[in-house]
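The values are calculated or read from the model by the stated rules, or taken from the named source; none is laboratory data. Quick caveat: nothing in here was measured; it's all calculated off a predicted structure. Cβ placement follows ideal geometry from the backbone for every residue including glycine, while neighbour counts extend to all protein chains displayed.
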Amino acid sequence: MAERSEEVKLLGMWASPFSRRVEIALTLKGVPYEFSEQDITNKSPLLLQSNPVHKMIPVLLHNGKPISESLVILEYIDDTWKNNPILPQDPYDRAIARFWARFVDEQVYVTAMKVVGKVGVERDAAVEATRDLLKLMEKELVGKDFLGGESLGFVDIVATLVAFWLMRTEEVVGVKVVPVEMFPEIHRWVKNLLDVDVIKKCIPPEDEHLDYIRARMESLKLKSV
Amino acid sequence: MADEVILLDYWPSMFGMRTRVALEEKNIKFDYREQDLFNKSPILLEMNPVHKKIPVLIHNGKPVCESLIQVEYIDETWPGGNPFLPSDPYQRAQAKFWGDFIDKKVYGPTRLIWGAKGEEQEAGTKEFIEMLKMLESELGDKTYFGGETFGYVDIAMIGFYCWFDVLEKCGNFSIEAECPKLIAWAKRCMKRERVAKSLPDSNKITKFVPELKKKIGIE
């Protein structure tokens, strides 16, 4: 870890899985950082200046220089602070890890959003589609404690989106999207995650989080009316 | 033991082109296998069971999917010659950011330009030009996106160049008029022998698009 003064600032949002995954990475590596909660309904000049292309959180500012897109940020963190590596060393294993990370963000996340955002038949279809995708994740976990193997890795950090966002929506939506009978490995993996101090420290507190999800669902329903 | 490198690809794919260029730039011998996307082969389905899409890079029997992941894999596995990604972590992050931008923001509008009509097509054209201008602004006066050496972002974008002609015809606009620096950049890239041999001629793509539209059922 660097001795010289390093300024690490994260423009983030407490309930965002994309923001929290960056916090997990920084905390795992013991990197001190300043967290700046952003109001995404009223974007700050700093956010707009730091991410003019997408205008989204999270944005990591390292000694004033901005890095955007959470997967890019995670790799930057791994490249910059070499302790407790997140990505594997072998190029093939890295390619596989990157593949699964994108799978979570581009497939699972997109489909799972429809579970919260839609109702009735459309929601049922979204639940089915999400389960089909998660069956692939379930297979990956057989014989492994974590998606990264013996210890927490890149894909686990990204897939906290499934463990602590998607699975938490079940309470609010009233549908068991990820039932334990269908996904015993995923449930086992979530328990393993909860045993990791860094994870416990960095995920949003459950009660507040559920309230937030409920409020978001209501506002989505209002928007679709 | 010699490396066995197979590429499952589809000749007009801008994504497949990235991997072709990357392999050629590193001077890697590979077995190019043209795929019929309307009748997917057993090897494609076996090697990319999750997405069933090309390109798929198979190295000594092990598949790597997703074109930008393949480009990075190629760079890491065959480190000789000019690296595609810079060694500085911040510059690497910038390169990956723009690669991701091209995937998320540039590709989508192209489908509307050649595949849609009326307002949808116009919206696609407008969006595409806006995204190209952002790229052009990032390029600035540099030779390549990464500076003096041909690299990751150039590889991510150059496959779109052979599609420019058909996009201009469909959307009734001139990319050179909107983004002259980007066109100059593309021409510089095409002067690289290994890039030029990896990519189809523009007019092949232009002739292909109406056939593609018929095949997928749009007029």
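Can you pull out the helices (runs of 4 or more DSSP H) entirely within segment B:49-151 that have at least 3 residues that are at pLDDT 95 or above and of a type in the set (S, T, N, Q)? Working first, answer last.
On the way: elements: B:67-77, B:89-101, B:107-115, B:118-139.
Filter on segment B:49-151 gives B:67-77, B:118-139.
Checking residue A:140 against (1) more than 10 Å from every other protein chain (Cβ to nearest Cβ); (2) in a helix (DSSP H, G or I); (3) of a type outside the set (Val, Ile, Thr); (4) over 21 Å from residue A:188 (Cα atoms): exactly one of these is not met. Which one?
Condition (4) is where residue A:140 drops out.
Of the residues A:104, A:177, which is surrounded by 17 or more Cβ atoms within 10 Å (Cβ to Cβ), within 14 Å of chain B (Cβ to nearest Cβ) and under 20 Å from the mean Cα position of the chain (by Cα)?
After ruling out the rest, the residue left standing is A:104.
Between a residue in segment B:1-16 that is within 14 Å of residue B:160 (Cα to Cα) and any residue that is at pLDDT 95 or above and not in a loop (DSSP other than H, G, I, E, B), which pairs come within a Cβ distance under 6 Å, given they are 6 or more apart or on different chains?
Partner pairs satisfying both residue conditions: B:12/B:205; B:12/B:208; B:15/B:67; B:16/B:9.
If residue B:127 satisfies every condition in (1) closer than 19 Å to residue B:85 by Cα; (2) crowded, with 16+ Cβ neighbours inside 10 Å; (3) free of Cβ contacts under 8 Å to residues at least 40 places away in the same chain but one, which is the exception?
Against the list (1) closer than 19 Å to residue B:85 by Cα; (2) crowded, with 16+ Cβ neighbours inside 10 Å; (3) free of Cβ contacts under 8 Å to residues at least 40 places away in the same chain, residue B:127 comes up short only on (1).
In segment B:163-188, how many residues are part of a helix (DSSP H, G or I), free of Cβ contacts under 8 Å to residues at least 60 places away in the same chain and either within 21 Å of residue B:116 (Cα to Cα) or of a type in the set (Lys, Arg) (or both)?
12
Answer yes or no as to whether residue B:50 is more than 10 Å from chain A (Cβ to nearest Cβ), free of Cβ contacts under 8 Å to residues at least 60 places away in the same chain and more than 20 Å from residue B:198 (Cα to Cα).
Values: more than 10 Å from chain A (Cβ to nearest Cβ): no; free of Cβ contacts under 8 Å to residues at least 60 places away in the same chain: yes; more than 20 Å from residue B:198 (Cα to Cα): yes.
So residue B:50 does not fit the description; no.
Write out, first by first residue and then by second, each pair whose Cβ atoms fall under 7 Å of each other, whose residues are 6+ apart or on separate chains, and whose first residue, in segment A:156-182, is at negative phi while the second is at pLDDT 95 or above and among the hydroxyl-bearing types (Ser, Thr, Tyr).
Here the result reads A:161/A:109; A:177/A:130, each pair linking segment A:156-182 to a residue that is at pLDDT 95 or above and among the hydroxyl-bearing types (Ser, Thr, Tyr).
Being surrounded by 15 or more Cβ atoms within 10 Å (Cβ to Cβ) and within 13 Å of chain B (Cβ to nearest Cβ) is the filter here; which residues of segment A:43-53 pass it?
A:50, A:51, A:53
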